[in-house]
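Here's the structure we're looking at; comments come further down.
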Amino acid sequence: MDYYSTPINRLIEEFARLPGIGAKSAQRLAFHILNLPPEQVEQLTSAIKNARENVRYCKQCYTLTDQELCPICANPDRDHSTIMVVENTRDLAAYEKTAKYEGVYHVLHGAISPMLGIGPDDIRLKELMTRLAGPVKEVIIATNSSLEGETTAMYLSRLIKPTGIRVSRIASGVPVGGDLEYIDEVTLLRALEGRVDL
Ligand code: ZN
């Protein structure tokens, strides 16, 4: 990498730190940027800065939003007594794309993983339990079918069951280890409709 000048190397290094970007892609992106007109570079950098500065957590479901309440939590037409628990905002977006789910969500921002040292206190679990003090009828656990997702689902059901609120788990038509966001809408809907009580 010493063939390039320092600014180019720095740019390549920054890209290489992003998820899913290997050394080759990082170089390709860096040279692509260098060939862009200055206005376009400005648009890109300001979009990044703007998103980072203005996006925050919804105070109810903890999804990423630019409002105090996200559009889903703020919508009176949604069924606020049904809460679907997902691992991240991308999973929420996957279910929203089906346009069939009428309840609201809770975004954990992760899953319990003893191996990675991620415990219940490291994800938004306490916040979910606080919400359950309200008029909630059902909690649908839609964490991934990975080991971490299943561990989280078990933990949650044990925590929620004593409250008398119905707890269900989406059907396992979802491939094991599969990230929800990569699964097509039909499979997602089938998983939701075929959910089983825990
Ligand atoms: Zn929300």
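The values are calculated or read from the model by the stated rules, or taken from the named source; none is laboratory data. Given the structure is predicted, the values throughout are model-derived calculations rather than measurements. Glycine also receives a Cβ, built like all others from the backbone with ideal geometry; neighbour counts cover every protein chain displayed. In case anyone asks, the SASA skips ligands and DNA or RNA and just uses the protein heavy atoms, side chains included. Shrake-Rupley method; radii C 1.70, N 1.55, O 1.52, S 1.80 Å.
Yes or no: T82 more than 10 Å from the ligand (Cβ to nearest atom), touching an Asp or Glu at 6+ places or on another chain (Cβ under 7 Å) and modelled with pLDDT of 95 or more?
It is true that T82 is more than 10 Å from the ligand (Cβ to nearest atom), touching an Asp or Glu at 6+ places or on another chain (Cβ under 7 Å) and modelled with pLDDT of 95 or more.
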| query | When only residues in the stretch 30-70 that are β-branched (V, I, T) and within 16 Å of the ligand (Cβ to nearest atom) count, which is farthest from the chain's Cα centre (by Cα)? | reply | V55
| task | Find the helices (runs of 4 or more DSSP H) located wholly in the stretch 13-100 whose residues include 3 or more that are on the phi < 0 side of the Ramachandran plot, in contact with a helix residue (DSSP H, G or I) (Cβ under 8 Å, 6 or more places away or on another chain) and not acidic (D, E), and list them. | result | 23-34, 89-98
| task | Can you run down the residue pairs with Cβ atoms below 6 Å, 6 or more apart or on separate chains, where the first is in the stretch 47-68 and free of Cβ contacts under 8 Å to residues at least 24 places away in the same chain and the partner is more than 9 Å from the ligand (Cβ to nearest atom) and of a type outside the set (D, E, K, R)? | result | V55/L64; D66/N54; D66/V55
| note | I72 vs (1) of a type in the set (A, V, I, L, M); (2) within 30 Å of L128 (Cβ to Cβ); (3) open to solvent by 90 Å² or more (accessible area, probe 1.4 Å): all pass except (3)
| request: Test E87 against the criterion of being closer than 20 Å to G194 by Cβ, within 16 Å of the ligand (Cβ to nearest atom) and open to solvent by 60 Å² or more (accessible area, probe 1.4 Å), and give yes or no. | output: no
| field | Lone unmet requirement of (1) surrounded by 14 or more Cβ atoms within 10 Å (Cβ to Cβ); (2) hydrophobic (A, V, I, L, M, F, W, C); (3) away from the ligand (no atom under 16 Å from the Cβ) for L116 | value | (1)
